[in-house]
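The values are calculated or read from the model by the stated rules, or taken from the named source; none is laboratory data. Quantities reported herein were computed from a predicted structural model and do not represent experimental measurements. Counting neighbours? That spans all protein chains shown, and the Cβs are built from the backbone with ideal geometry, glycine included. Please note that ligands, DNA and RNA were not included when accessible areas were found on the heavy atoms of the full protein model with its side chains. Shrake-Rupley method; radii C 1.70, N 1.55, O 1.52, S 1.80 Å.
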Amino acid sequence: MKIAVFCSDERNFALPAWRRVVEQLPPGYEITGIYMFPDRMGKRTGLQIPLWYLKTFGIIDFFLLGLYSLTEGFRGSFDSWERLANDSSIPVHKGGNPNNHDVVEWVKDNDVDVIFIMVGNILKHPIIHAPKLGVINNHAALLPSSKGVLPYIWNIVQSEPHGLTFHKVDEGIDTGEILAQKHLGRSYGSLIEFYRTVFSEYPSMALEAIERLKNEEYVPKDSSLPDTYYSFPERKDLSVFRKKGGKIVRLSDILGGWKVR
């Protein structure tokens, strides 16, 4: 089973989760390559992304998120995807967009079975159908609820349940067949605490998703869940989020020693 990982340079959650996946891969499974792409949020790239966070979340949460990222970097000894690749003898490639022709050809030339994506790009038909079995995405909600962007915020705004779903990627947004799903029903003190939980579940659910994709064993969608989609929240949405008790990051998230490593 040949696996490719498409990611941006996210180190606080995705990187330590994939270290654990690599450690837990069963015999016969290999990471054929890690393909890294520039970070993207919708049409936003580069400095547009932190400016959006500053404008939408406000200066206090923006500052605390930066401090959280810095302290997690110290705790992880500034680990990197390149270091993971070197430790595990995995080739690393860099590209501009996962939909580019050269990326599609790399997938085909290397007989990749499955691609895991952790990028902000919307994939198009050629790359979706390039691997033998398909592309897998994780979404931090109970699909079909809260498709789209930053589901934790919308789940609180709309009083929808928390969860994690792995699904096969199709040409819609978070609309593909469900491969693995878990309710994460308790309340969370912050978005950071929630994503720590999400990525603690990531390795085992990723392996489950591969097996289900290989066997075409899809999880039926829960008809009791609302079928909803949300785009990027605005400041007025964050105001509702906070009035309902939601938080982005707390000092305890920064000072606490708990982490997914």
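Selection of first residues in the stretch 195-223 that are within 18 Å of VAL169 (Cβ to Cβ) and of second residues that are open to solvent by 40 Å² or more (accessible area, probe 1.4 Å) and not in a loop (DSSP other than H, G, I, E, B), restricted to Cβ pairs under 6 Å at least 6 apart or on distinct chains, gives the following pairs, ordered by first then second residue: VAL219/GLN181. In the stretch 188-217, of all residues being open to solvent by 10 Å² or more (accessible area, probe 1.4 Å) and of a type in the set (Ser, Thr, Tyr), the one that is nearest to the chain's Cα centre (by Cα) corresponds to TYR195.
When the stretch 38-59 is limited to residues that are hydrophobic (A, V, I, L, M, F, W, C) and open to solvent by 50 Å² or more (accessible area, probe 1.4 Å), the one that is nearest to ASN99 (Cα to Cα) turns out to be LEU47.
Within the stretch 173-187, being of a type outside the set (Val, Ile, Thr), open to solvent by less than 40 Å² (accessible area, probe 1.4 Å) and modelled with pLDDT of 95 or more holds for ASP174, GLY176, LEU179, ALA180.
Every listed requirement among (1) closer than 30 Å to PRO233 by Cβ; (2) touching a strand residue (DSSP E or B) at 6+ places or on another chain (Cβ under 7 Å) is met by ILE31 save one, (1).
Given the structure, is GLY73 of a type in the set (Gly, Ala, Ser) and open to solvent by 20 Å² or more (accessible area, probe 1.4 Å)? So GLY73 fails the test.
Only one of the numbered conditions (1) assigned to a helix (DSSP H, G or I); (2) of a type in the set (Val, Ile, Thr); (3) touching a Lys or Arg at 6+ places or on another chain (Cβ under 8 Å) is not met by VAL135, and that is (1). If you check TRP81 against the conditions, is it under 24 Å from GLN24 (Cβ atoms) and either aromatic (Phe, Trp, Tyr) or touching a Cys at 6+ places or on another chain (Cβ under 9 Å) (or both)? Yes; evaluated as a whole, the condition is true for this residue. When the stretch 136-160 is filtered for residues that are surrounded by fewer than 19 Cβ atoms within 10 Å (Cβ to Cβ) and in contact with a Gly (Cβ under 6 Å, 6 or more places away or on another chain), nothing remains.
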